[in-house]
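These notes concern the structure reproduced below.
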Amino acid sequence: MGRIVGRAGVIATLFLLFCAGVGASQQAVKATPDGSAATKTTDHAGSYYHFMLARRYEELAGIYNRSDYVSRAISEFKQAIADDPDSLFLHVQLGDLYWRAGRTNDALGEAQHVLQTNPNDLGAHQLLASIYLHDLGENESQQGQKQTLEKTIHEYEAITRINPSDTRSTIMLGRLYGLDNQSEKAEATFKKVLVNNPDSGSALNYLGKLYIDQEQYPEAISFLEKIPEAQRGPATLGMLGLAYSETGDYTRAVTNFKAALEMDPEDVDVRRKYAEALMRSGKITEARSEFEKVLKVNPQDGVSYLRLAQIDQAAGNFDAASKELTQAGNLLPGDLEVAFQEAQLQSSLGNSDQAIAILKQILAQTASPNGRYTGDDASNRATFLERLGLIYRSQEKYDQAIAAFRQIVDLGESQAPRGEGLIVETLQLEGKHPEAFQEATNALNKFPKSRSLILLHATLLGEQGHVNEAVSQLRDLVKASGGHDAEVELAIVQVYSQAKRYREAQAELEKMLLEPGLAASDRESAQFYLGSVYERQKKYDQAEHQFKSVLAADPLNSAAFNYLGYMMADRGVELDQSVEYIKKALQLEPNNAAYLDSLGWAYYKMARYDLARPPLEKAAKLLSNDPTVLEHLGHLYLKMGNQTGAAAEWKRALQAWPTSPDSDFGAAQAAKLRKQLSQLERRLAKEQKM
């Protein structure tokens, strides 16, 4: 009874269908068992009379919800068929009534009877398609669902073959192909609709969804954007938001998610994605507010707690981050992202051994017995190994770091360039520059199309003094990209800066900042580099302006806070403000050795030697081969009367200098320090004789 509805308004049409090409009465000839002919009169007038009564009882059943009217309608249909037994139309109509009355087997019997007589009967195929499509939503076993899906696809294939202009059925067929993981057929079916109906919102929408399911996000965007804005519902806007997020265009992602929420503010899933897009685009305050809205509606949303933990960790609010991670872990037990974030937090807190233990547990848990990994699994494993190696590297355990990075290379061609780049960087930090260049050369020979390795190799070439050759190679990459490529242009700046060709680096950056359509993140990087280039040329006011511009765009940029603070401290100006800037950097990264050195040096310049000692000693422990840090600690010890300690640190600095990647500590600085050490050693020797 639930599917019985009134049919007023269709009777005239049905009458035309019923009577088309048919006279008032005729005789049908049939063979008798003995082979003789027998005749049976077909009464079209009587059949139509009972057909109309059946329709009337159907309408009454729909109006009054009475089963006796359904029974009468069925009886009248049977009488109509008795009067015209060859009418396939009547069998289809009776089958449709059976189905709507819940008698599915009887409905199937009628449709199958019709198709035995006429395999191309559109009405019978449409009836079977409706029955099977409805059954897909019922509680069947997995095998049962698979069989029903195959039957449904078969019927819609027949419908679209018989009636190719039926756009709605063609779109449904495409959706069914997608449900059956027949992606190529689904794509072809939707595109077939678009050939004749290029503005079909349904076809564009489902094609976009298909591409999103296949993680082909640029393709999804290209079709979804063809839907006129006025016709985009919350589902379409949500898909566009997701596609833009996955391609890194968080500005457009935010715009689409926001529009989707204006239409459907109760969609918690879209709100979470909106919050994540806000977070990725640097709008931290707004992101926090949206995650809190999600948790207000659903306090069990572990992902929102995880994202809040990431926000608080990035802001240096480690206590809050720890509590939120605990909540996320309770709600998402065994979640690898939660465990990885816990490792990140412990590393930020200086608990390196604990972070290493967590990462090793994750790696063991996700290890494949045969050493083979899918694309996503390989990418995740590379991320875990990279973090493990970086922690080892921060502890100056270079062999263990390289061993971790070698495992990334072993994951296959998709991840190998990433691992090779990390190995090269580690060899550089270890002071093994020839080995680093050879490693980069070998890696580039293996993966000549790897963009990251081309950039890295050119940078190393510049370090070896082949600046023009390195820049030429990089400019070829820019040309291949169509004349603008921020990543490569910044690599050119780095080559010029390492060679102390600051005017050329400045010109490159100033030209880059004039480029139309420069992404916000690239603009921020260019401004940071320009600030450092100005500082190297002693253009301090211009440098300060650039770093403050970076901080205006990204208030959580710890590197900009540190550079600004150290620049002031090294010159001995605005020291109180210098300390405040560096403290903000350390709030974001409390165990960053370079930032600790900056703070200690600022206190040294203020003659607050008691405050300078803890951060400088910790920095020297974390960066035991950094000549600048060791030199600073030596100066502090000298001011505190510890001449022996000062001499020891300066000796370590001069021993570390030849292989150090610290470009600020050059030959002139080494010569100056060597002279100071010599004077100090003579003084110590003289004092020992007295």
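The values are calculated or read from the model by the stated rules, or taken from the named source; none is laboratory data. Computed from a predicted structure; not experimentally measured. Cβ: placed from backbone, ideal geometry, glycine included. Neighbour counts: every protein chain shown.
Assuming ILE582 fulfils every condition listed in (1) β-branched (Val, Ile, Thr); (2) within 25 Å of ASN557 (Cβ to Cβ); (3) surrounded by fewer than 20 Cβ atoms within 10 Å (Cβ to Cβ) apart from one, which condition is it?
Looking at each condition in turn, ILE582 falls short on (3).
When you go through (1) under 23 Å from GLN587 (Cα atoms); (2) buried (at least 20 other Cβ atoms within 10 Å of the Cβ); (3) small (Gly, Ala, Ser) one by one for GLY350, which number turns out not to apply?
Here GLY350 meets the rest and fails (2).
Which is among the aromatic types (Phe, Trp, Tyr), touching a Gly at 6+ places or on another chain (Cβ under 8 Å) and farther than 30 Å from HIS154 by Cβ, of TYR274, TYR250, TYR206, TYR217?
Every option except TYR274 fails the conditions.
Which of the numbered conditions does ALA235 fail, given that it passes all the others? Conditions: (1) closer than 22 Å to MET172 by Cα; (2) under 18 Å from the mean Cα position of the chain (by Cα).
Just one mismatch for ALA235, condition (2).
What's the total number of residues in segment 498-556 that are assigned to a loop (DSSP other than H, G, I, E, B) and not basic (Lys, Arg)?
Matching residues across segment 498-556 total 11.
Name, by its number, the condition in (1) closer than 25 Å to ALA111 by Cβ; (2) crowded, with 19+ Cβ neighbours inside 10 Å that does not hold for SER200.
The failed condition is (1).
For segment 424-446, does any single residue satisfy the condition of being closer than 27 Å to GLU215 by Cα and surrounded by fewer than 20 Cβ atoms within 10 Å (Cβ to Cβ)?
So far as segment 424-446 goes, no, none of its residues is closer than 27 Å to GLU215 by Cα and surrounded by fewer than 20 Cβ atoms within 10 Å (Cβ to Cβ).
List the number of the failed condition for ASP312; all other conditions in (1) among the acidic types (Asp, Glu); (2) surrounded by fewer than 18 Cβ atoms within 10 Å (Cβ to Cβ); (3) at pLDDT below 95 hold.
(2)
Any chance segment 476-488 includes a residue that's touching an Asp or Glu at 6+ places or on another chain (Cβ under 7 Å), surrounded by 21 or more Cβ atoms within 10 Å (Cβ to Cβ), touching a residue at least 24 places away in the same chain (Cβ under 8 Å) and within 27 Å of GLN546 (Cα to Cα)?
No, segment 476-488 contains no residue that is touching an Asp or Glu at 6+ places or on another chain (Cβ under 7 Å), surrounded by 21 or more Cβ atoms within 10 Å (Cβ to Cβ), touching a residue at least 24 places away in the same chain (Cβ under 8 Å) and within 27 Å of GLN546 (Cα to Cα).
Of the numbered conditions (1) under 22 Å from GLU681 (Cβ atoms); (2) free of Cβ contacts under 8 Å to residues at least 40 places away in the same chain; (3) over 42 Å from the mean Cα position of the chain (by Cα), LYS605 fails exactly one; give the number of that condition.
Of (1) under 22 Å from GLU681 (Cβ atoms); (2) free of Cβ contacts under 8 Å to residues at least 40 places away in the same chain; (3) over 42 Å from the mean Cα position of the chain (by Cα), only one is false for LYS605: (1).
Is it fair to say GLY233 is of a type outside the set (Val, Ile, Thr) and either farther than 25 Å from SER183 by Cβ or surrounded by fewer than 17 Cβ atoms within 10 Å (Cβ to Cβ) (or both)?
When the stated conditions are applied, GLY233 passes them.
Every residue, every condition in (1) within 24 Å of SER200 (Cα to Cα); (2) surrounded by 13 or more Cβ atoms within 10 Å (Cβ to Cβ), yes or no:
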| site | (1), (2) |
| --- | --- |
| HIS113 | no, yes |
| LEU133 | yes, yes |
| GLN143 | no, no |
| SER165 | yes, no |
| ARG168 | yes, no |
| ARG175 | yes, yes |
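Condition test on ARG252, is it under 22 Å from PRO198 (Cα atoms) and free of Cβ contacts under 8 Å to residues at least 60 places away in the same chain?
no
Is it true that some residue in segment 440-456 is assigned to a helix (DSSP H, G or I), touching a helix residue (DSSP H, G or I) at 6+ places or on another chain (Cβ under 6 Å) and among the basic types (Lys, Arg)?
No: segment 440-456 contains no residue that is assigned to a helix (DSSP H, G or I), touching a helix residue (DSSP H, G or I) at 6+ places or on another chain (Cβ under 6 Å) and among the basic types (Lys, Arg).
A quick yes/no check of all residues on (1) surrounded by fewer than 12 Cβ atoms within 10 Å (Cβ to Cβ); (2) within 15 Å of ARG613 (Cα to Cα); (3) touching a residue at least 60 places away in the same chain (Cβ under 8 Å); (4) under 55 Å from the mean Cα position of the chain (by Cα):
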site	(1), (2), (3), (4)
SER624	no, no, yes, yes
LEU630	no, yes, no, yes
TYR637	no, yes, no, yes
PRO658	yes, no, yes, yes
GLN688	yes, no, no, no
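If we scan segment 545-565, do we find a residue that is buried (at least 18 other Cβ atoms within 10 Å of the Cβ), among the aromatic types (Phe, Trp, Tyr) and over 30 Å from the mean Cα position of the chain (by Cα)?
Checked against the condition, which is being buried (at least 18 other Cβ atoms within 10 Å of the Cβ), among the aromatic types (Phe, Trp, Tyr) and over 30 Å from the mean Cα position of the chain (by Cα), segment 545-565 yields at least one hit.
With the requirement that a residue be at pLDDT below 90 and more than 27 Å from THR426 (Cβ to Cβ), what does segment 647-671 give you?
ALA668, ALA671
Given the conditions (1) assigned to a helix (DSSP H, G or I); (2) surrounded by fewer than 18 Cβ atoms within 10 Å (Cβ to Cβ); (3) not acidic (Asp, Glu), which single one is not true for PRO590?
(1)
Counting only residues that are out of contact with any Asp or Glu (no Cβ under 8 Å at 6 or more places or on another chain), touching a residue at least 12 places away in the same chain (Cβ under 8 Å) and of a type outside the set (A, V, I, L, M), how many does segment 305-322 have?
Number of matching residues: 3.
Kindly indicate which of LEU422, LEU455, LEU429, LEU460 is under 30 Å from ARG501 (Cβ atoms) and touching a Pro at 6+ places or on another chain (Cβ under 8 Å).
One residue alone meets the criteria, LEU429.
Limited to segment 129-176, what total is found for residues that are acidic (Asp, Glu), out of contact with any helix residue (DSSP H, G or I) (no Cβ under 7 Å at 6 or more places or on another chain) and at pLDDT below 90?
1
Working carefully through the options LEU345, LEU411, find the one that is more than 30 Å from ALA656 (Cα to Cα), assigned to a loop (DSSP other than H, G, I, E, B) and modelled with pLDDT under 95.
Exactly one of LEU345, LEU411 is more than 30 Å from ALA656 (Cα to Cα), assigned to a loop (DSSP other than H, G, I, E, B) and modelled with pLDDT under 95, namely LEU411.
List pairs: first residue in segment 117-129 and of a type outside the set (Asp, Glu), second residue not in a helix (DSSP H, G or I) anywhere in the structure, Cβ distance under 7 angstrom, at least six positions apart or on different chains.
Pairs that qualify, where the first residue is of a type outside the set (Asp, Glu) and the partner is not in a helix (DSSP H, G or I), are LEU122/ASN163.
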